[in-house]
Amino acid sequence: MPAVFFWEHTVQDSEIDGQDHANNVAYVEWLQAAAVAHSAAQGWPGSRYREVGHGWVVRRHTIEYLQPAHAGDEIVVRTWVSTMKRVTSVRQYEVIRPSDGAVLAKAETLWAFIDYAARQPRRILPEVVGSFELVETRPDTF
């Protein structure tokens, strides 16, 4: 059960914008992919959330862009869950380029747990809470 999850990706030509670096939308897609992969690794793929009729929606993304990523760059999105409250959870991320150790971005997502049918907030299921180890601060090492 990895408390900190690592999602690897190669920056694609299709993710590059007019300034010759990865578009900000690509970063959001990477964060989403890392979060979904981490959840699946913890035993909660999308299919399991659909089975129980409850799951996550994004309430807010906060991203601090620090360095650009370019086509062909190998990146790693490091992610972890830092809080779980009654109906919300905060997930944090660092986007890193291992070749030079550069931190490209730091981010945070506020997720809300909802009932899919009612589209209303719902208390996070105990079995979901129990599947994630909380990491309150950013890990110091890569």
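Only the coordinates and a few stated rules stand behind these numbers; no lab work does. Since this is a predicted model, take the numbers as computed values, not measurements. Here Cβ is always computed from backbone atoms with ideal geometry, including for glycine, and neighbour counts include all displayed protein chains.
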Can you work out ³J(HN,Hα) from phi for every residue in the range 96-109, in order, using Karplus 6.51 cos²θ - 1.76 cosθ + 1.60 and θ = phi - 60°, giving whole Hz and x for Gly and Pro? 10, 9, x, 4, 10, x, 5, 8, 7, 7, 10, 8, 8, 10
Hey, what do the phi angles of the range 66-78 turn into as Karplus ³J(HN,Hα) couplings, whole Hz, using 6.51/-1.76/1.60 and θ = phi - 60°, x for Gly and Pro? 10, 9, x, 10, 10, 3, x, 4, 8, 10, 10, 9, 9
Residue by residue through the range 119-132, the couplings from Karplus 6.51 cos²θ - 1.76 cosθ + 1.60 with θ = phi - 60°, in Hz, x for Gly and Pro, are 6, 10, x, 9, 4, 4, 4, x, 5, 6, 4, x, 8, 10
Taking neighbour Cβ counts within 10 Å as the exposure measure, how do Asp100, Asp17 sort from fewest upward? Asp100, Asp17
List residues of the range 40-67, by number, whose backbone nitrogen lies under 16 Å from a label position 7 Å along Cα→C-beta of Leu110. 57-64
On a 0 to 90 degree scale, rounded to 10, what angle separates helix 24-41 from the longest Cα axis of the chain? 50 degrees
Under the rule of -39500 (n - 2.57) per DSSP H run of 4 or more residues, summed and divided by the residues of the chain, what mean residue ellipticity at 222 nm is obtained, to the nearest 500 deg cm²/dmol? -6000 deg cm²/dmol
Quick one: net charge around Arg60, please, counting Lys, Arg +1 and Asp, Glu -1 for every other residue with C-beta under 12 Å from its C-beta. +1
Relative contact order for the chain, counting Cα pairs under 8 Å that sit 6 or more residues apart, in percent: 29 percent
With the dipole of the chain defined by +1 on each Lys or Arg Cβ and -1 on each Asp or Glu Cβ, the option from Val128, Val81, Leu31 whose Cα lies farthest towards the positive pole is Val128
